[in-house]
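A.B. asks: For reference, the structure I am asking about is given below.
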Amino acid sequence: MSRKFAPVLLVAILLISLFAGCKKEPETIKIGLEVPLTGDYAYEGQGMEKAVRLLVEQVNEQGGLLGRQVELIVEDDAGDPTQAALVAQRLVDAGVVAVIGAYNSTATEPASEIYNEAGILHITPSSTATRLTQKGFQRFFRVCFLDDRQGLFAAKFMKEVLGAQNIAILHDNSTYAQGLAEHTKRYAEEMGLNVVFFDAINPDDTDFTPILTNIASAAPDAVYFTGYHPQGGLLLKQSGELGLDLQWVMGNACNNPELIQIAGLENAVGTYVTTEPLPKDLDYPEAKEYVAAFEAKYGEPVASVWWLMAAEAFNVIRYAIEQTESTDPAVLAEFLHNEAKDIPGLTGPILGWDEKGDRLGTIHVAYVIDENGNFILNPEQPSP
Amino acid sequence: MQFLQQLVNGITIGAFYALVALGYTMVYGVLKLINFAHGDLFMWGAYLGLTGLTVALAALGYTTPWAILPVVIFVMTSVALMGVLVERIAYRPLRSAGRLAPVISALGVAFILESLARNVYGASWKTYPQGLTPSGGLVLAGGVRVSLMQIIVLVASFLLMAGLYLFVHRTRVGTAMRAVSLDHDVSRLMGVDVDRIIMIVFLIGPGLGGVAGLIVALYYGSFDFTLGWIFGLKAFIAAILGGIGNIPGAMLGGMLLGIIETLGAGYMSPQWKDVIAYIILILILIFRPTGLLGERVAEKL
């Protein structure tokens, strides 16, 4: 910059800050949302944005929080760890109080380091990898439940409901899927089941016939796939086309109507999915009210439980700010750790969090895909 | 039984690699250019096929598999035109600029085509309409299953490759192509319109690539915008393995890569298949640097 303009610029900056100082409006409360709006998980991320935006609008219409308007800042991490770190820094620089995100554990992990360093309250709606809460981050929480819980549920389901003795487990090497696969294996073996096949696919591949042929020759009573729905759909399709007689059970990342689209209905029928209950099956007044408001605003149902979990994360932040009358992340985190109990949640009453930031309790259930291509609550569930 | 089934699986994957590899090989034959944009032209075939099928099914209400035929023609011509356009804009101005500049230009085109697909069609997985492809198949001795779609894919790729081979070796234009692949200047002295021949190569290569994209999308039923990158890379390797610039070589290289990968995935683990496949690739190239069939320079392309 030339010397001539420097004084002019200085005066301009002074003037602008003078006007800014005069503004009567209280500052907004900035909440960050870091989700994949592009990439493999774009469908989930875009729905999560809609879900949170609805609550933000409702809050602002009712006068905001502590008399201040809420400003939602959305960043796209594309489900990618490198981009996640980048946009996490952007949110920190924007001055957010709390962040909701990311969708997948692989993206949440690097972002959580950055939020932790910046001292921001960080709530993931959907990342269930166990090790995320094992780093001693005091301001990191989940509103979803751990992989560890789901692994236990899946093993129990295959043993008690399917009567399986020999099971196969397949993951895709992602942080989340590998964690869930290993927990399932551990619990299954503790229950006396034989894990006759344990391996991973490469999620960049399109053709899984080699490993399917291999799984079939191990003749398991049930196959548990812990990866995401694009690959889950292809596995079901190719398994059907190879004429393999495999009983598929899939983890909660396959809890998505696109699974059936990709697989083709005839290949998807009879597949079980272990997951948190679908939004429409939640029997709480808060859930019903929210689901109805979502449909009224967007003209589509809350298709994925992760959309609801994102809304739940915002709900928790709102509750904490209202109860503590503070926007200091330290105060909010302290409150969630020690005082928050029985919060009226969208996904059922929230019992609270343990010292690591994991949500207490569990709500997993098994769904089955019926002949009409719907996920219906399986009539038979394992003992609690 | 498991081995034979894995062989069938591998040949199917190999046929796809071979189809895409043809495009790399043809362009390399005449221009000595590795057209990195080819994988993304192939991916555009899958997307344009989706558009074509959606329009055909909505407008004409086809209920038979014949709805695919006009879509094949639509995809083939539009991707071929894209190929010619790419050559005109990104390669022809660099024809005398040495070998590095066009390769970088090709990488640039690849990124542009990929981002374009993502922005136009969105980043989510796309699925083809159900019920267009025939289901069912044969169960051979020992329980080995070959689906009707696999047979169709194999026959279609073999016919396309055989047709291309005959075209290059039995027609006047094909002879001109082989001449151009040997020497541009001498061909020009002999009265060959080199620019026109290169244009024809960029019609045929991407045209076939586009159809390959359509077939892959029909076969697997779903894909996203990264399709071109993965298949493109594997097909490029297949072309090198068989001897780049050589049509039967592309076919052999594709089949071989598909089978090696499948056996690696089936007998060890999908996590190891690329390690195995590329160790074998490196070994072959150490002993035969020009690829398996690459040595007959005069008969290239």
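The values are calculated or read from the model by the stated rules, or taken from the named source; none is laboratory data. Computed from a prediction, not measured in an experiment: that's the story for all the values here. Here the Cβ positions follow ideal geometry from the backbone for every residue, glycine too, while neighbour counts run over all protein chains shown.
A.B. asks: What pairs come up if the first residue lies in the stretch B:84-101 and is within 15 Å of B:F202 (Cα to Cα), the second is assigned to a helix (DSSP H, G or I) and among the hydroxyl-bearing types (S, T, Y), and their beta carbons are under 8 Å apart, counting only those six or more places apart or on different chains?
C.D. replies: Once the first residue is within 15 Å of B:F202 (Cα to Cα) and sits in the stretch B:84-101, its partners that are assigned to a helix (DSSP H, G or I) and among the hydroxyl-bearing types (S, T, Y) give B:A90/B:S105; B:Y91/B:S105.
A.B. asks: Still on this model: Given (1) at pLDDT below 90; (2) within 22 Å of A:L91 (Cα to Cα); (3) outside any loop (DSSP other than H, G, I, E, B), identify the lone condition not met by A:G39.
C.D. replies: For A:G39, the failing item is (3).
A.B. asks: Quick one: how many residues across the stretch B:120-138 are in a loop (DSSP other than H, G, I, E, B) and more than 8 Å from chain A (Cβ to nearest Cβ)?
C.D. replies: 7
Yes/no per residue for (1) of a type in the set (A, V, I, L, M); (2) surrounded by 24 or more Cβ atoms within 10 Å (Cβ to Cβ):
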residue	(1), (2)
A:D281	no, no
A:A293	yes, no
A:A311	yes, yes
A:Y319	no, no
A:L332	yes, yes
A:K356	no, no
A:L360	yes, no
A:Q381	no, no
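A.B. asks: Same structure, new question: Assuming B:V146 fulfils every condition listed in (1) in a helix (DSSP H, G or I); (2) among the aliphatic types (A, V, I, L, M); (3) within 23 Å of B:L19 (Cα to Cα) apart from one, which condition is it?
C.D. replies: (1)
A.B. asks: Something else: Of all strands (runs of 3 or more DSSP E) completely enclosed by the stretch A:212-295, which ones contain at least 2 residues that are under 24 Å from A:L146 (Cα atoms) and hydrophobic (A, V, I, L, M, F, W, C)?
C.D. replies: A:222-225, A:248-250
A.B. asks: Now, a different point. Within the stretch A:162-180, track down each residue that is at pLDDT 95 or above and within 22 Å of A:G361 (Cα to Cα).
C.D. replies: none
A.B. asks: A:M191 fails exactly one of the following numbered conditions: (1) over 22 Å from B:M268 (Cα atoms); (2) away from chain B (no Cβ under 14 Å); (3) in contact with an Asp or Glu (Cβ under 8 Å, 6 or more places away or on another chain); (4) not β-branched (V, I, T). What is the number of that condition?
C.D. replies: Failed condition: (3).
A.B. asks: More than 14 Å from chain A (Cβ to nearest Cβ) and buried (at least 17 other Cβ atoms within 10 Å of the Cβ): which single residue out of B:A90, B:A97, B:A141, B:A101 fits that description?
C.D. replies: Unique residue meeting the criteria: B:A90.
A.B. asks: What number goes with the only condition from (1) within 14 Å of chain B (Cβ to nearest Cβ); (2) touching a His at 6+ places or on another chain (Cβ under 9 Å); (3) among the acidic types (D, E) that A:E182 does not pass?
C.D. replies: Looking at each condition in turn, A:E182 falls short on (1).
A.B. asks: Another one. Select from the stretch A:206-243 the residues that are in contact (Cβ under 8 Å) with a residue 24 or more places away in the chain, within 19 Å of B:I11 (Cα to Cα) and facing chain B (nearest Cβ under 7 Å) and list them in ascending order.
C.D. replies: A:T206, A:D207, A:T209, A:I211, A:T213, A:L234, A:K237, A:E241, A:L242
A.B. asks: Answer yes or no as to whether B:G210 is more than 30 Å from B:P70 (Cα to Cα) and either at pLDDT below 90 or within 18 Å of the chain's Cα centre (by Cα) (or both).
C.D. replies: Taking the combined requirement at face value, the residue does not satisfy it.
A.B. asks: For B:L292, are the conditions met, namely being without any contact (Cβ under 8 Å) to a residue 60 or more places away in the chain, in a loop (DSSP other than H, G, I, E, B), more than 12 Å from every other protein chain (Cβ to nearest Cβ) and not charged (D, E, K, R)?
C.D. replies: Judged against the criteria, B:L292 is a match.
A.B. asks: Here is a list of conditions, (1) assigned to a loop (DSSP other than H, G, I, E, B); (2) under 25 Å from A:I73 (Cα atoms), and A:A340 meets all of them except one; can you say which number that is?
C.D. replies: Evaluating A:A340 over (1) assigned to a loop (DSSP other than H, G, I, E, B); (2) under 25 Å from A:I73 (Cα atoms) leaves (2) as the failure.
A.B. asks: Which one is farthest from the other protein chains (Cβ to nearest Cβ), of the residues in the stretch A:29-84 that are closer than 16 Å to A:Y298 by Cβ and of a type in the set (D, E, K, R)?
C.D. replies: A:E57
A.B. asks: Quick check on my filter: what residues within the stretch B:173-216 are touching a Ser or Thr at 6+ places or on another chain (Cβ under 9 Å) and within 14 Å of chain A (Cβ to nearest Cβ)?
C.D. replies: B:A212, B:I215, B:V216
A.B. asks: Let me ask something additional. Going residue by residue through the stretch A:275-294, is there one that turns out to be closer than 26 Å to B:F223 by Cβ, facing chain B (nearest Cβ under 9 Å) and either in contact with a Leu (Cβ under 9 Å, 6 or more places away or on another chain) or of a type outside the set (A, V, I, L, M, F, W, C) (or both)?
C.D. replies: Within the stretch A:275-294, none of the residues are closer than 26 Å to B:F223 by Cβ, facing chain B (nearest Cβ under 9 Å) and either in contact with a Leu (Cβ under 9 Å, 6 or more places away or on another chain) or of a type outside the set (A, V, I, L, M, F, W, C) (or both).
A.B. asks: I'm told B:R118 meets every condition in (1) buried (at least 19 other Cβ atoms within 10 Å of the Cβ); (2) touching a residue at least 40 places away in the same chain (Cβ under 8 Å) except one. Can you identify the failing condition by its number?
C.D. replies: (1) is the only condition that B:R118 fails.
A.B. asks: Please work out if B:L263 is touching a residue at least 60 places away in the same chain (Cβ under 8 Å), of a type in the set (A, V, I, L, M, F, W, C) and buried (at least 19 other Cβ atoms within 10 Å of the Cβ).
C.D. replies: Spelling it out, B:L263 is indeed touching a residue at least 60 places away in the same chain (Cβ under 8 Å), of a type in the set (A, V, I, L, M, F, W, C) and buried (at least 19 other Cβ atoms within 10 Å of the Cβ).
A.B. asks: Would you check which residues across the stretch A:362-379 are part of a strand (DSSP E or B) and surrounded by 15 or more Cβ atoms within 10 Å (Cβ to Cβ) and list them?
C.D. replies: A:V365, A:A366, A:Y367, A:V368, A:I369, A:F375
A.B. asks: Would you point out the residue of the stretch B:266-281, among those that are within 10 Å of another protein chain (Cβ to nearest Cβ) and assigned to a helix (DSSP H, G or I), that is surrounded by the fewest Cβ atoms within 10 Å (Cβ to Cβ)?
C.D. replies: Restricting to residues being within 10 Å of another protein chain (Cβ to nearest Cβ) and assigned to a helix (DSSP H, G or I), the top hit is B:Y267.
A.B. asks: Going through B:L263, B:L233 one at a time, which residue ends up being within 18 Å of B:A18 (Cβ to Cβ), part of a helix (DSSP H, G or I) and within 14 Å of the chain's Cα centre (by Cα)?
C.D. replies: Every option except B:L233 fails the conditions.
A.B. asks: Do you know which of the residues in the stretch A:242-262 that are surrounded by 23 or more Cβ atoms within 10 Å (Cβ to Cβ) and among the small types (G, A, S) is modelled with the highest pLDDT?
C.D. replies: So, considering only residues that are surrounded by 23 or more Cβ atoms within 10 Å (Cβ to Cβ) and among the small types (G, A, S), the one modelled with the highest pLDDT is A:G251.
A.B. asks: Now for a separate question. Only one of A:I167, A:I123 is under 29 Å from A:F314 (Cα atoms), part of a strand (DSSP E or B) and not polar (S, T, N, Q); which?
C.D. replies: A:I123
A.B. asks: Another question, if that's okay. Any idea which of B:F16, B:F42, B:F3 is within 11 Å of chain A (Cβ to nearest Cβ) and under 22 Å from the mean Cα position of the chain (by Cα)?
C.D. replies: That would be B:F16, the only listed residue that is within 11 Å of chain A (Cβ to nearest Cβ) and under 22 Å from the mean Cα position of the chain (by Cα).
A.B. asks: Can you tell which of A:I343, A:I350, A:I363 is within 20 Å of the chain's Cα centre (by Cα), under 22 Å from A:T184 (Cα atoms) and at pLDDT below 90?
C.D. replies: Every option except A:I363 fails the conditions.
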